[in-house]
1. Taking region 132-142, which residues are open to solvent by 80 Å² or more (accessible area, probe 1.4 Å) and either among the aromatic types (Phe, Trp, Tyr) or in a loop (DSSP other than H, G, I, E, B) (or both)?
2. Go over the candidates Val107, Val58 one by one and state the one that is touching a residue at least 40 places away in the same chain (Cβ under 8 Å) and farther than 28 Å from Asp151 by Cβ.
3. Yes or no: Gln35 surrounded by fewer than 19 Cβ atoms within 10 Å (Cβ to Cβ) and within 15 Å of Leu65 (Cα to Cα)?
4. Can you name the residue in region 92-124 that is among the charged types (D, E, K, R) and under 21 Å from Arg79 (Cα atoms) and, of all such residues, is surrounded by the most Cβ atoms within 10 Å (Cβ to Cβ)?
5. Just give me the residues in region 143-191 being assigned to a loop (DSSP other than H, G, I, E, B), in contact with a helix residue (DSSP H, G or I) (Cβ under 9 Å, 6 or more places away or on another chain) and at pLDDT 95 or above, in sequence order.
Amino acid sequence: MQDTGIKMIAQQVFERGSALLQQHKYEQAIVDLQQAEQLFRKIDVRGHPFTAPLSNGVSGLANALALSGLCHMKLGDCRKASLCYESSFINSKFEKMWPFKTFSKTVNDNLLTCYETMLRSKRPEDIEDILMSDPDIDSSYEFPFSLSREDAVIIARLFELSPDRYADHRQFYLRAKVKDREIRRREKKSDEASMRKLSVLIWSILIIIWAIYGIVVIKALINKN
């Protein structure tokens with residue numbers, strides 16, 4: 001199917017899902033919006049991302065994910081909603097600046113509501129324990145999602161989304177960010193050291209091979225003479 005055909009179908013499915021959302025048929029809307037998401041992804045992976053943004057100036061993929069998040073939020077599943085909302089930022093560097101800025105404001109407001117709802121379901125003593133603890137980092141992910149505990153991610157994201165309201169999260173956030181940076185620096189040095197060792201090993205093998213080849217050539221010349 002040509003890209004134009006995929007775009008047309010993706011937009012039609014998206015509009016259907018959006019209409020169902022407006023009718024408060026959230027579960028049905030999610031089905032269409034997820035289908036639209038997959039179709040928009042096909043356009044992106046074929047090397048033609050964001051060539052035809054939707055009416056708000058933002059890519060179809062980001063819009064589909066954001067509306068899926070809103071549906072989950074309306075259904076009371078803030079965890080799934082936050083995953084959709086966060087995923088809608090995945091290609092933000094390719095989006096048009098001003099339309100995406102307006103889009104991001106709405107998504108961030110909804111994210112703030114989701115994370116606050118999720119935080120209220122946690123025991124105060126557990127939150128206090130995280131705030132006082134040494135952050136556990138998994139550098140396979142970008143900060144603050146490199147924080148291994150979901151509760152810790154929520155705390156960090158709340159500070160990023162509303163630093164004034166969540167000023168009491170600041171010290172934990174900064175401590176976690178410093179640790180994340182230090183771990184990445186150590187890993188980079190380790191990788192660089194490994195590459196240097198590998199390079200030395202390869203050159204050593206090549207030198208040995210050249211030396212052996214030189215000896216063979218010399219012996220052949222001597223025998224010939």
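The values are calculated or read from the model by the stated rules, or taken from the named source; none is laboratory data. All values reported here derive from a predicted model rather than from experimental measurement. So basically every Cβ, Gly included, is an ideal-geometry build from the backbone, and we count neighbours across all protein chains shown. Just so you know, the surface numbers come from the protein's heavy atoms only, side chains and all, with ligands and any DNA or RNA stripped out. Shrake-Rupley method; radii C 1.70, N 1.55, O 1.52, S 1.80 Å.
1. To start, the set of residues in region 132-142 that are open to solvent by 80 Å² or more (accessible area, probe 1.4 Å) comprises 132, 134, 136, 140-142.
Result: Asp134, Asp136, Ser140, Tyr141, Glu142.
2. Numbers: Val107 fails: farther than 28 Å from Asp151 by Cβ.
Going through Val107, Val58 in turn, just one is touching a residue at least 40 places away in the same chain (Cβ under 8 Å) and farther than 28 Å from Asp151 by Cβ: Val58.
3. Numbers: surrounded by fewer than 19 Cβ atoms within 10 Å (Cβ to Cβ): yes; within 15 Å of Leu65 (Cα to Cα): yes.
Judged against the criteria, Gln35 is a match.
4. Step one: list which residues in region 92-124 are among the charged types (D, E, K, R), which gives 93, 95-96, 101, 105, 109, 116, 120, 122-123.
Those still in the list that are under 21 Å from Arg79 (Cα atoms) too: 105, 109, 116, 120, 122-123.
Values: Lys105: 10, Asp109: 13, Glu116: 16, Arg120: 9, Lys122: 14, Arg123: 9.
Filtering first and then ranking leaves Glu116.
5. Hits for region 143-191 are Phe143, Pro144, Phe145, Ser146, Ser162, Pro163, Arg165, Tyr166.
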